[in-house]
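Before any comments, here is the structure.
The values are calculated or read from the model by the stated rules, or taken from the named source; none is laboratory data. Computed from a prediction, not measured in an experiment: that's the story for all the values here. Note that each Cβ is placed from the backbone with ideal geometry, even for glycine, and that neighbours are counted across all protein chains shown. Ligands, DNA and RNA are stripped out before the accessible areas are found, and what is left, the full protein with its side chains, is counted by its heavy atoms. Shrake-Rupley method; radii C 1.70, N 1.55, O 1.52, S 1.80 Å.
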Amino acid sequence: MNKGLALQIWESLRRVAIGYTLAAVVGIGGGIAIGTNKLLFRACDPFFQILRTIPPLAWLPIALAAFRQVEPSSIFVIFVTAVWPVLINTAVGVQEVPQDYRNVARVLQLPRLQYFWTILLPSAAPYIFTGMRIAVGLSWLAIVAAEMLTGGVGIGFFIWDSYNSSRMSDLIVALIYVGVVGFVLDKAIYYLGKAVVQSDGT
Amino acid sequence: MTASSTTGVAKPPGAAKDWLQKLGPQVLPPLLLLIFLLFVWEVLCAGDKPRLPPPTAIVKDSWRLISDPFSIAAV
């Protein structure tokens, strides 16, 4: 391998970014939908509870069969890993909107759209960001494992390749890289959440 | 119990009716969604050579695996 570690990491990060963004959009959208609709929640919840326990790597063969390419399959694995925590946390956050807030909205006769932006979203935001923080950690775990199996590019493949060519020093350097990047990803979502939640509160 | 005996034979007895009324709202929505999803899956993978098998093909192809989890003979 001639590419430097930053380039390997970059390749992995790019896949995580796409899959994770998709998961956040679908997770928050779906979570709001099932959180506000009791019937929809009752219908979907058993499926989520079963699907979320399927390990990320177990999705890889079926993704490869469906997409027949490594790139979309890796992104799908990231998506399917990250979507459940966001989805479930968002649904709970929406369900836990304090009754007082709802009463105030009813007294003021807030329009639906205004209720959504001024009450529902701000009070669900802490839950949403908790889910997104769990999800980013899981995505990073999943991409490294997925790349070990798919090969080609990325930090996961680099680690496996180093092991196969007995380059143990390279392997350890790569592991430290993975750990530090995972830490930075986690903190990035944490501070993003903190900034968004606080700006909503004022 | 007296109420159920007076309303006729067609209606379920009290206990079963209660059980159905309590469990119905919990079981019915996921069940309907499952049927809907299986139908969509069947339609999506209906082509000549689909990338993923539809539910009916899964049941047909893997029936040995589904029907007999404790089989030992590797035939």
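Checking buried surface per residue: for segment B:16-50, which residues lose a minimum of 10 Å² accessible area in the protein assembly relative to the chain alone (1.4 Å probe)?
Buried by the other chains: B:PRO25, B:GLN26, B:PRO29, B:PRO30, B:LEU33, B:LEU34, B:LEU37.
Rank these by accessible area, largest first, 1.4 Å probe: A:MET168, A:MET132, A:MET148.
From most accessible down to least: A:MET168, A:MET148, A:MET132.
Taking 0.36 nm per residue of separation and subtracting the Cα-Cα distance, what length does fully extending B:ASP61 through B:LEU28 add?
9.0 nm
Compute the long axis of helix A:38-51 from its Cα atoms, compare it with the longest principal axis of the Cα atoms of chain A, and write down the angle in degrees, 0 to 90, nearest 10.
Tilt relative to chain A: about 20 degrees.
Full extension from A:SER165 to A:ARG14: what is 0.36 nm times the residue separation minus their Cα-Cα distance, to one decimal in nm?
51.8 nm
Report the extension gain between A:GLN109 and A:LYS38 in nm, rounded to one decimal, defined as 0.36 nm multiplied by the number of residues separating them, less their alpha carbon distance.
Working it through step by step, the gained length comes to 23.3 nm.
Taking the 0 to 90 degree range and rounding to the nearest ten, how far is the long axis of helix A:168-201 tilted relative to the main principal axis of chain A, both from C-alpha atoms?
The answer is roughly 10 degrees.
What total accessible surface area, summed over both chains, is buried at the interface between chains B and A, computed with a 1.4 Å probe and given in Å² to the nearest 100?
900 Å²
Apply the a/c threshold of 1.5 to the C-alpha gyration tensor of the protein assembly as shown and tell me whether it is rounded, prolate or oblate.
Cα axes put the protein assembly as shown in the oblate bin.
Normalising by the residue count of chain A, find the relative contact order in percent from Cα pairs under 8 Å and 6+ residues apart.
Relative contact order here is 27 percent.
Helix A:70-95 against the longest principal axis of chain A: what's the angle in degrees, Cα atoms only, rounded to the nearest 10?
For A:70-95 against chain A, the angle is about 30 degrees.
When the helix-only estimate is applied to the protein assembly as shown (DSSP H runs of n ≥ 4, each -39,500 (n - 2.57), divided by the residue count), what is the mean residue ellipticity at 222 nm, nearest 500 deg cm²/dmol?
Helix-only estimate at 222 nm: -26500 deg cm²/dmol.
Comparing the chain by itself with all protein chains present, which residues of segment A:61-87 are at least 20 Å² less accessible (probe 1.4 Å)?
For segment A:61-87, once contacts with the other chains are taken into account, A:ILE62, A:ALA65, A:ALA66, A:ARG68 lose 20 Å² or more.
Please report the projected area of segment A:125-179's Cα convex hull averaged over all directions, in nm².
So the Cα hull casts an average projection of 4.1 nm².
Provide the packing ranking of B:26-38, A:6-18, B:60-72, i.e. peptides ordered by the mean count of other C-beta atoms within 10 Å per residue, highest first.
A:6-18, B:26-38, B:60-72
Roughly how many nanometres apart are two label points built 7 Å out from the Cα toward the Cβ at A:ARG68 and A:ARG102?
Simple spin-label model gives 4.9 nm for this pair.
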